[in-house]
Amino acid sequence: MNFIGEHIFPGQFGHFLTILSFVASLVATVAYFKSANATLSEMAAGWKRLARAAFMIECFSVFSVFITIYFIISTHKFEYAYAWNHSSMALSPKYLFACIWEAQEGSFLLWTIWHCVLGLILMFRAGKWEAPVMTVISFAQVCLATMIIGLYFGTARVGINPFSLVRQLDVMQNAPIFSRPDYLSLAFMKDGQGLNQLLQNYWMVIHPPILFLGFASTIVPFSYAIAGLWKKDFSGWTKIALPWTLFSAGILGLGIMMGAAWAYESLTFGGFWAWDPVENASLVPWLVMVAGLHTQVVYNATGHSLRATYLFLIISFFLVLFSTFLTRSGILGESSVHAFVENDMNFQLISLMAVFFIPALILYGMRYKSIPHIAKEESTYSREFWMFIGALVLFLAAIVITFQTSYTPIYNKFTGKTTAAPEDNEFSYNKIQVFVAIVLGVLTAIGQYMRYKDTPRKIFFSKIGLPTIIALVIALLISFFGGIDFQKHGAGFLGAIHLALFAAVYGVVANAIYIWSGLNGKLKAAGGSIAHFGFGLMLLGILISSAKKDVLTKNNGILLNFAPESKQDPTENLTLVKGLKTDMGTYWATYQNKDSTGQGGNITYFKVDFENKKSGEKFTLYPNFIKATKGQSGVSGNPDSRHYWSKDIFTYVSATSMDDVNDTAQFKKYSVKLKDTIFYSGGYMVLNKVSINPTDTRYQVGQGDTLIVADINIYSADSTHYRATPAISWKGADSKFILDTVFAQNLAIGFTSLNKDTHTFDLQVKESGKMIPYVALKAYEFPQINLLWIGTIIMVTGFAVSLRRRYGIARSLKLSKRPLATENQS
């Protein structure tokens, strides 16, 4: 049957390219392997030429696949499942790239693209290591190509074909509409399902490429390590590969923190890190890579820790593969907002881990005794000793996080049980990792002041004394006057937080002084100290912003009923009636209006004005709701924040009346006495009594506060009785008006003042013909959150500075050995 309007050629061409990339990567793998093992230089050179040609063909194929998919999505060819599942006509063009990596096959393609880029660089920079290193990378390309090849062998499918038509999907093949040649003319096919609403954020355009570059880059140190074991040149690669280890650690760390920034700006849990399983799956390889980086530096300087370096670099790459399994197998589907749904690829994903990790471990075990090792133990006053301890702590932290992350979902998957995660999931991680932070903070402080081999005690203590005293004073000031509070988890955890604060400050101060005095301000040689300084700032930002995080929307007024699954506390969500200036502690907040025209009507922005009571500063925020995609109902909240150098005001809308009718009704003022009656269109109300600090109300009265509550009985035309209790609260000279609302009668009632001379009370009543428009707003204050983001930038800058310096050393090393390398390659 010929289907009217289908554009078949892009899909056929794209699928041909995926098969070509698989074949070319397979040829490159075999050819590079032959070149690495060739005994004659002529044969080695011949196989290498073939391998390079095949790898370039593969790169051309992979880039062309990406361009073809982008063409299909950007031109809205919804006959293709990729475009139909992940895009829509209303989607902003800036999110088209995010559509590509939303899909499993797109993320594998992104990973493959970065391998191509890294492979092309290594092809011309790796020298004598090109053949063995590129053998490993090319084999990885073979494995990744199978993930998007989408071929069937009998009933078994290998990979997902990104160029499948909608009518070719298993779930669609028996659908009646596809028996029609004009199915594309039906409304069902005129638009796509759209991009997941949580991914419609600018961070999702840049975060995944950077993160996947970090993931992809871990294969380079891994490949050098495998090449060293394979060729029995155990130490010849460590200095040459060090810039790659630095690059991998730096770029992966940057990608992880970009994800934290996305979570902070797009999700409504009120933070930047929730120990989500997918977050952890990216963090763990980074921790082990940083451990391997430090032991690699130690080996290059002293000859110690080469065995540990091999192990860490192997495990780091394995953990990238393991994280791929966790996030793409469907195991985490119930426990993470980031995970992909199951797609019948578990066997391939497990095989991907096995074909790399098992041979690598076997090779490592076979060569273990041959790897150079200094039997003499390091001095406890040597830099290398404490660098190794720090690496070991990072490795152990990674093991603990991996176990906590994967045990419950994997156990449930294979046993069929439904074991629940800890009730306070974040604390289950924090109570362990806070001690890791303490150790790492202290080690980053003292490590730079030690020398390799050994450090005279007198010299060490004379240099570390001043940073220690300064850090201790600053930490004590923060602890005693900074309002640090973690009492809800007990005194023991609070004490650990204070120790972690000292460790973070210690790391910042000690590294700053070391750069200034120990290195005489020579920043080009201070990459490690800069990175440690940034890491200390990150820890400080995490600790202070978390400990001093404060809910600004304390609600003693209109309390809404939230669904239990929302996990919202009504007393922490302030109900804002449209147009009514409402007390929000330090601020006045006024919900003005909403705009539902965003992105073709899919985004509703809520305009909320704020005014600082003390400074008079005014600003407006626009938290929004975005409609669910993929045929699902409901909305997701997107926060909006006001940024200051010392804090963020973070807000999101947790509930709304979603009334589309403009409400023109105004508040009417009444001056009444006790037992007076006020009439409204649906009945009347009577001021029953006015009480001072009553104990039988929902309001909480603080010590020294004065609360006056008006008790009003409301009688509707149908004889239904309601009660409203608007109030005025005084704390010192500051007054606060607490509105009450009777939504069943579309009434909002305020108690604004009382006159002792006339014994009258001023009330305001607003009656709306429709449900009174309102939003429930939740707002946090995050003090010193910018320390986290500034620390991240500085840490990554430190990696870059160190990378540049180490690259210069590695280049000099290769140039000094060029005749030997040329002879080996000729």
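Just want the answer: with Cβ charges of +1 for Lys and Arg and -1 for Asp and Glu, which residue in Ala496, Tyr95, Val473 is farthest toward the dipole's positive end in the chain? Positive-most Cα among the choices belongs to Val473.
Dipole magnitude for the stretch 577-726: about 160 debye, using +1 per Lys or Arg Cβ and -1 per Asp or Glu Cβ, origin at the Cα centre. Rounded to the nearest whole angstrom, the semi-axes of the ellipsoid equivalent to the chain, taken from the Cα gyration tensor as √(5λ), stand at 56, 38, 19, largest first.
Pairs exceeding 23 Å between alpha-carbon atoms, taken from Lys613/Lys756; Lys607/Lys630; Lys578/Lys669; Lys581/Lys627: Lys613/Lys756; Lys607/Lys630; Lys581/Lys627. Counting only lysines at least 8 places from Lys128 when in the same chain, those with an alpha carbon closer than 16 Å to its own are Lys34, Lys48, Lys231, Lys232, Lys239, Lys814, Lys817.
Accessible surface of Asp424, taken over heavy atoms with a 1.4 Å probe and every protein chain present, rounds to 70 Å². Computed over protein heavy atoms with a 1.4 Å probe, the carbon and sulfur contribution to the accessible area of the chain reaches 61%. Computed over protein heavy atoms with a 1.4 Å probe, the accessible surface of the stretch 454-526 works out to 56 Å² per residue. Computed from Cα atoms, the angle from the helix 203-217 axis to the main principal axis of the chain rounds to 30 degrees.
Note on the stretch 569-716: dipole from Cβ charges, positive end direction compared against Tyr652, Ser636, Leu674; the farthest Cα belongs to Leu674.
Where only DSSP H runs of four or more residues are counted, the chain gives -17000 deg cm²/dmol as its mean residue ellipticity at 222 nm, each run worth -39500 (n - 2.57). Using C-alpha pairs under 8 Å with a sequence gap of at least 6, the mean separation divided by the residue count of the chain gives a relative contact order of 11 percent.
Using the alpha-carbon atoms, what tilt in degrees (0 to 90, nearest 10) does helix 346-367 show relative to the longest principal axis of the chain? Orientation of helix 346-367: about 50 degrees from the principal axis. Simple point charges give the picture: +1 on the Cβ of Lys and Arg, -1 on the Cβ of Asp and Glu, and for the chain a dipole about the Cα centre of about 2940 debye. For the stretch 33-101, the Cβ-based charge dipole about the Cα centre amounts to some 160 debye (Lys, Arg positive; Asp, Glu negative; other atoms uncharged).
Taking every protein chain into account, the accessible area of the stretch 581-639 amounts to 46 square angstrom per residue (probe 1.4 Å). Principal axis extents of the C-alpha atoms in the stretch 655-792 (largest first, rounded to whole Å): 62, 42, 25. Count Lys and Arg as plus one, Asp and Glu as minus one, and take only other residues whose Cβ is under 11 Å from that of Ser753; the net charge is then +1. Heavy atoms of the protein chains alone define the surface here; on that basis the stretch 1-130 has 41 Å² accessible area per residue at 1.4 Å probe size. Computed over neighbours whose Cβ is under 14 Å from that of Arg52, the net charge equals +2, Lys and Arg +1, Asp and Glu -1.
Against the main long axis of the alpha-carbon atoms of the chain, helix 425-446 sits at an angle near 60°. Taking θ as phi - 60° and the Karplus parameters 6.51, -1.76 and 1.60, the scalar couplings of the stretch 100-113 work out to 5, 8, 5, 7, 4, 5, x, 5, 5, 5, 4, 4, 5, 4 Hz in sequence order, x denoting glycine and proline.
The stretch 1-87 gives an Rg/Rh value of 1.23, both radii derived from C-alpha positions and Rh following Kirkwood.
The values are calculated or read from the model by the stated rules, or taken from the named source; none is laboratory data. Given the structure is predicted, the values throughout are model-derived calculations rather than measurements. In this analysis, Cβ positions are derived from the backbone assuming ideal geometry, glycine residues included, and neighbour counts consider all displayed protein chains. Note: accessible area is taken over every heavy atom of the protein model, side chains too, but ligands, DNA and RNA are not part of it. Shrake-Rupley method; radii C 1.70, N 1.55, O 1.52, S 1.80 Å.
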